[in-house]
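Just below is one structure, and these are the notes that go with it.
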Amino acid sequence: MLSLAALGVVYGDIGTSPLYALRQSFWGNFGVVTDATNVYGIVSLIFWSLILLISLKYMTFVMRADNKGEGGTAALLALLNPWRASKWSGTRTLLLMGLFGSAMLYAGCTITPALTVLSAVEGLNVATHTFEPYVIPIALGILIALFVIQKRGTESIGRLFGPILLLWFAFIAVLGIGGIVREPHILLAMDPRYAIQFFGHNGFAGVVVLSAVFLCMTGGEAMYADMGHFGIRPVRLAWYAVVLPAVLLNYFGQGALMLTAGRQIQQPFFDLAPSWALYPLVVAATVAAVIASQAVISGTFSMTRQFVQLGQLPRTQVMQTSQDEYGQIYIASVNWLLMLGTLLLVVGFKTSGALAGAYGISVATTMWVTTILAFFVARKYGWNLYWLAPIALVFFIADSTFLFANLFEVMTGGWYPILVAVLIFVVMTTWSRGRVLLRQHLASEAESPEVLLKRLEQDPPHRIPGTAVFPTSDDMVPPRLFYLLDRQHALQDYVLLVTVRTLDVPRVPATERLEIAGISEHINRVTVKYGFMQEANIPLALKLASKLGLEFDTEHMTYYIGREMIVIGKDPGGMVTWRQRLFSYLSRNAMRAPLFYRLPVEDVVELGFQVRI
């Protein structure tokens with residue numbers, strides 16, 4: 001059952017790649033003619049790409065590098081733990097590579113819905129050119145509807161994804177078998193010599209066309225990123241039992257059709273179907289494309305939450321859309337930005353063929369970065385270098401070749417994911433650096449618990465009933481507590497210094513959530529630990545603390561939150577002016593701390609401070 005569910009969430013993207021991958025190889029302006037040598041060669045390249053980089057690299061090698069069952073770039077970074085590395089160390093370089101790879105994946109997530117939906121709707125042109133003026137409006141309508149319903153969540157419709165995709169894979173397998181029966185010699189393409197002959201036959205153009213061949217693997221990174229939802233075994237079972245046989249049969253079927261029809265066809269996927277089945281096939285392809293898009297959108301939400309918790313993106317509001325499935329969330333800001341980017345892509349590029357070039361470079365970069373990070377994770381955890389190095393080198397060469405081929409698409413669309421990735425990378429690094437400088441500034445003004453106790457002893461404040469909660473980022477006493485003592489000369493009977501820590505693991509069990517340390521009879525420090533896939537909830541954590549025996553007034557609690565206002569300066573030890581302005585903008589528009597930590601707004605007191613970083 002988990003494998004069936006994995007079909008709908010993990011394999012929607014790679015399951016719809018037969019819509020455009022082989023077609024783009026011949027009709028993508030690479031100058032590759034549809035003769036027998038090229039057909040055998042490209043089908044062979046697709047076959048061995050799926051075997052080498054998906055079955056061997058991801059299924060056998062990369063998926064072993066999991067962080068307590070979770071996968072993806074964020075999990076690899078968490079395993080390397082590069083945030084504590086020095087600025088110019090190699091580990092720090094890996095962090096920047098991982099962030100840029102993730103930024104490229106964000107860019108690819110805007111392309112996937114546009115590419116898959118356009119590819120499916122363009123199937124109408126095979127039956128009649130009457131629908132040609134309506135392809136873009138139909139695609140825009142489907143995409144708008146898809147993003148509008150995101151707020152409702154995928155809990156109910158998610159149960160249908162697996163069975164629908166199972167029917168889709170069965171459908172494309174049957175179509176492929178039909179093509180193979182007409183020209184069974186296409187199965188000879190499993191011989192890797194045909195791939196080698198292809199390069200000899202086409203020269204440098206054969207290398208460039210790899211950017212189109214690469215499209216057959218565009219869902220590979222999603223398999224690894226979504227591994228934590230189902231576990232390694234169900235994901236592997238679904239791949240080997242259903243997905244891999246179905247897509248290979250379809251690619252071989254398309255190749256067989258091209259051997260017999262040549263340039264008489266321009267949509268080999270749809271031309272596999274008999275004329276009476278064309279419209280049902282377009283509908284099925286559109287449904288599959290929507291499911292593939294849904295999986296990518298949901299994955300973007302999960303990735304955003306991980307990077308927010310890891311301190312690489314500003315706080316944003318996360319809505320849980322399911323009471324049972326933790327991974328089903330909705331982030332409004334991300335959803336509308338994705339929708340805007342996707343719609344602009346459809347209007348700007350107009351055809352799936354034009355979008356294909358933009359898509360490849362984003363995913364190729366992410367897969368290249370994943371290989372490098374996985375190698376260093378394996379070394380960190382003691383894998384034998386003598387057999388690890390040659391295996392990783394083979395994957396690295398293959399990924400580098402595909403990345404090199406995709407670089408030739410920069411001028412024809414590849415500039416888009418690069419531009420978007422650079423913007424997201426700048427936001428990530430600016431936010432992270434700004435938070436570090438801000439914490440350093442606040443730490444310089446904080447005092448130790450001993451100083452607080454001495455102050456309370458020398459100048460006892462007026463005590464009022466209740467509990468004062470001071471969230472703090474370290475083991476020091478925040479300056480806003482001393483501010484209250486100086487201005488109000490009053491303090492609640494009980495004081496809790498609460499530190500929320502996000503650990504380098506996906507989830508922290510409730511039994512390990514709290515660490516409680518007494519400072520004095522009525523002053524305690526509470527450390528609350530979460531994983532990077534969990535959401536902080538301070539009131540809930542404090543209820544747990546009271547159940548564990550920590551005595552404080554739970555009925556009258558006041559949360560004192562600092563609200564820092566960034567003042568732009570020219571400190572050479574900080575950030576350049578334009579990055580300070582960007583950080584100030586991000587800080588003003590980030591989700592407010594009371595909402596992020598689930599604090600009751602009626603019990604929150606915010607104290608504003610001007611900070612020069």
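Quick one: count up the residues across the range 550-566 that are part of a loop (DSSP other than H, G, I, E, B) and either open to solvent by 30 Å² or more (accessible area, probe 1.4 Å) or farther than 29 Å from L599 by Cβ (or both).
Summing the residues that are part of a loop (DSSP other than H, G, I, E, B) and either open to solvent by 30 Å² or more (accessible area, probe 1.4 Å) or farther than 29 Å from L599 by Cβ (or both) in the range 550-566 gives 5.
Write out, first by first residue and then by second, each pair whose Cβ atoms fall under 9 Å of each other, whose residues are 6+ apart or on separate chains, and whose first residue, in the range 23-34, is part of a loop (DSSP other than H, G, I, E, B) while the second is aromatic (F, W, Y) and at pLDDT 75 or above.
Filtered contacts from the range 23-34: V32/F26; V32/F198; V33/F26; T34/F26.
Residue check, F396 against (1) within 21 Å of the chain's Cα centre (by Cα); (2) closer than 19 Å to S55 by Cα, all met but one. Which one?
Checking F396 against (1) within 21 Å of the chain's Cα centre (by Cα); (2) closer than 19 Å to S55 by Cα, the one that fails is (1).
Which of the residues spanning the range 518-549 are assigned to a strand (DSSP E or B) and open to solvent by 50 Å² or more (accessible area, probe 1.4 Å)?
Taking the range 518-549 and keeping what is assigned to a strand (DSSP E or B), we get 518-520, 523-530.
Across the range 518-549, the qualifying residue is only G518.
Just name the residue that is nearest to I424 (Cα to Cα) out of those in the range 90-135 that are of a type in the set (V, I, T), open to solvent by less than 50 Å² (accessible area, probe 1.4 Å) and out of contact with any Asp or Glu (no Cβ under 7 Å at 6 or more places or on another chain).
Residue satisfying both the conditions and the ranking: T110.
Check off (1) open to solvent by 10 Å² or more (accessible area, probe 1.4 Å); (2) within 23 Å of the chain's Cα centre (by Cα) for G72 and give me the number that stays unchecked.
All conditions are met except number (1).
Looking only at the range 567-595, which residues are exposed (fewer than 15 other Cβ atoms within 10 Å of the Cβ) and polar (S, T, N, Q)?
Selection gives T577, N589.
Closer than 24 Å to Q294 by Cα, open to solvent by 40 Å² or more (accessible area, probe 1.4 Å) and touching a residue at least 60 places away in the same chain (Cβ under 8 Å): which single residue out of I149, I138, I144 fits that description?
Within the list I149, I138, I144, the selection yields I144.
Is it the case that the range 52-67 has a residue that's among the small types (G, A, S), farther than 21 Å from P234 by Cβ and buried (at least 17 other Cβ atoms within 10 Å of the Cβ)?
Filtering the range 52-67 down to residues among the small types (G, A, S) leaves 55, 65.
Still in the running and farther than 21 Å from P234 by Cβ: none.
Scanning the range 52-67 turns up no residue that is among the small types (G, A, S), farther than 21 Å from P234 by Cβ and buried (at least 17 other Cβ atoms within 10 Å of the Cβ).
Among the residues of the range 579-612, count how many are of a type in the set (S, T, N, Q) and over 28 Å from the mean Cα position of the chain (by Cα).
1
Out of the residues in the range 473-517 that are in contact with a helix residue (DSSP H, G or I) (Cβ under 8 Å, 6 or more places away or on another chain) and of a type in the set (S, T, Y), which is surrounded by the most Cβ atoms within 10 Å (Cβ to Cβ)?
Filtering first and then ranking leaves T502.
Say we look at the range 550-578 and pick out the residues that are of a type outside the set (A, V, I, L, M) and at pLDDT 90 or above; which of these is farthest from the chain's Cα centre (by Cα)?
We begin by selecting, within the range 550-578, every residue of a type outside the set (A, V, I, L, M); these are 551-556, 558-560, 562-564, 569-574, 577-578.
Add one more test, that the residue is at pLDDT 90 or above, and what stays is 558-560.
Working: T558: 37, Y559: 33, Y560: 34 Å.
Only one residue fits best here, namely T558.
What residue, among those in the range 213-267 that are in contact with a Leu (Cβ under 9 Å, 6 or more places away or on another chain) and charged (D, E, K, R), is modelled with the lowest pLDDT?
E221
Cβ-Cβ below 6 Å, separation at least six or inter-chain, first residue in the range 187-206 and over 17 Å from A405 (Cβ atoms) and touching a residue at least 60 places away in the same chain (Cβ under 8 Å), second in a helix (DSSP H, G or I) and open to solvent by 60 Å² or more (accessible area, probe 1.4 Å): which pairs?
From residues that are over 17 Å from A405 (Cβ atoms) and touching a residue at least 60 places away in the same chain (Cβ under 8 Å), the pairs are P192/W48.
Which is among the hydroxyl-bearing types (S, T, Y), over 18 Å from G360 (Cα atoms) and modelled with pLDDT under 90, of T112, T116, T93? Let's see the steps before the verdict.
On the way: T112 fails: over 18 Å from G360 (Cα atoms); T116 fails: over 18 Å from G360 (Cα atoms).
Residue meeting the stated conditions: T93.
Does S444 count as under 30 Å from V576 (Cα atoms), open to solvent by 30 Å² or more (accessible area, probe 1.4 Å) and free of Cβ contacts under 8 Å to residues at least 24 places away in the same chain?
Numbers: under 30 Å from V576 (Cα atoms): yes; open to solvent by 30 Å² or more (accessible area, probe 1.4 Å): yes; free of Cβ contacts under 8 Å to residues at least 24 places away in the same chain: yes.
Answer is yes for this residue.
Just give me the residues in the range 334-354 being open to solvent by less than 60 Å² (accessible area, probe 1.4 Å) and either modelled with pLDDT of 85 or more or more than 20 Å from D13 (Cα to Cα) (or both), in sequence order.
Step one: of the range 334-354, the residues open to solvent by less than 60 Å² (accessible area, probe 1.4 Å) are 334-335, 338-339, 341-343, 345-346, 348-349, 352-354.
Within the range 334-354, V334, N335, L338, M339, G341, T342, L343, L345, V346, G348, F349 meet the criteria.
If the requirement is being touching a residue at least 60 places away in the same chain (Cβ under 8 Å) and acidic (D, E), which of these qualifies: D459, D504? Give the steps one after another, and end with the answer.
Numbers: D459 fails: touching a residue at least 60 places away in the same chain (Cβ under 8 Å).
On inspection, the qualifying residue turns out to be D504.
Looking only at the range 567-611, how many residues end up being assigned to a loop (DSSP other than H, G, I, E, B) and under 29 Å from A332 (Cα atoms)?
Pass one, the range 567-611, residues assigned to a loop (DSSP other than H, G, I, E, B): 568-576, 590-592, 597-600.
Next, only the ones that are under 29 Å from A332 (Cα atoms) stay: 590-592, 597-600.
So the answer is 7.
How about the range 385-421: which of its residues are open to solvent by 70 Å² or more (accessible area, probe 1.4 Å) and not hydroxyl-bearing (S, T, Y)?
Just the residues of the range 385-421 that are open to solvent by 70 Å² or more (accessible area, probe 1.4 Å), to begin with: 385-387, 393-394, 396-397, 404, 407-408, 411-412, 415, 419.
L385, W387, L393, V394, F396, I397, F404, L407, F408, M411, W415, L419 - these are the residues of the range 385-421 that are open to solvent by 70 Å² or more (accessible area, probe 1.4 Å) and not hydroxyl-bearing (S, T, Y).
Inside the range 61-150, counting only helices (runs of 4 or more DSSP H) that do not spill past its ends, which hold 2 or more residues that are closer than 22 Å to T218 by Cβ? Walk me through how you get there before you give the answer.
Working: elements: 73-80, 90-121, 124-127, 135-148.
In the range 61-150, 73-80, 90-121, 135-148 are the helices (runs of 4 or more DSSP H) which contain 2 or more residues that are closer than 22 Å to T218 by Cβ.
So which helices (runs of 4 or more DSSP H) stay within the range 160-235 end to end and still have 3 or more residues that are hydrophobic (A, V, I, L, M, F, W, C)? Outline the logic, then answer.
Details: elements: 193-202, 204-208, 210-213, 220-225, 227-230.
Here the list reads 193-202, 204-208, 210-213, 220-225.
Would you kindly identify the helices (runs of 4 or more DSSP H) lying entirely within the range 240-320 that contain at least 3 residues that are surrounded by fewer than 20 Cβ atoms within 10 Å (Cβ to Cβ)? Working first, answer last.
Values: elements: 244-261, 268-271, 278-309.
The qualifying helices (runs of 4 or more DSSP H) are 244-261, 278-309.
Among the residues of the range 551-560, are any touching a Lys or Arg at 6+ places or on another chain (Cβ under 9 Å) and touching a residue at least 60 places away in the same chain (Cβ under 8 Å)?
Residues of the range 551-560 touching a Lys or Arg at 6+ places or on another chain (Cβ under 9 Å): 554, 560.
Now restrict to residues that are touching a residue at least 60 places away in the same chain (Cβ under 8 Å): 554, 560.
So far as the range 551-560 goes, yes, one or more of its residues are touching a Lys or Arg at 6+ places or on another chain (Cβ under 9 Å) and touching a residue at least 60 places away in the same chain (Cβ under 8 Å).
Out of everything in the range 4-48 that is surrounded by fewer than 21 Cβ atoms within 10 Å (Cβ to Cβ) and under 27 Å from the mean Cα position of the chain (by Cα), what residue ends up being nearest to L403 (Cα to Cα)?
Among residues in the range 4-48 that are surrounded by fewer than 21 Cβ atoms within 10 Å (Cβ to Cβ) and under 27 Å from the mean Cα position of the chain (by Cα), the one nearest to L403 (Cα to Cα) is W48.
Tell me, which residue of the range 596-611 that is touching a residue at least 60 places away in the same chain (Cβ under 8 Å) and within 17 Å of T558 (Cβ to Cβ) is surrounded by the fewest Cβ atoms within 10 Å (Cβ to Cβ)? Before the answer, list the steps.
Keep residues of the range 596-611 that are touching a residue at least 60 places away in the same chain (Cβ under 8 Å), which gives 596-600, 607, 609, 611.
With within 17 Å of T558 (Cβ to Cβ) added as a condition, the list becomes 597-600, 607.
Details: Y597: 22, R598: 13, L599: 20, P600: 10, L607: 16.
Among residues in the range 596-611 that are touching a residue at least 60 places away in the same chain (Cβ under 8 Å) and within 17 Å of T558 (Cβ to Cβ), the one surrounded by the fewest Cβ atoms within 10 Å (Cβ to Cβ) is P600.
The values are calculated or read from the model by the stated rules, or taken from the named source; none is laboratory data. Keep in mind that this is a model prediction, so the values were computed, not measured. Glycine gets a Cβ as well: all are built from the backbone with ideal geometry, and neighbour counts include every protein chain shown. These area figures cover heavy atoms from the full protein model, side chains too; ligands, DNA and RNA do not enter into them. Shrake-Rupley method; radii C 1.70, N 1.55, O 1.52, S 1.80 Å.
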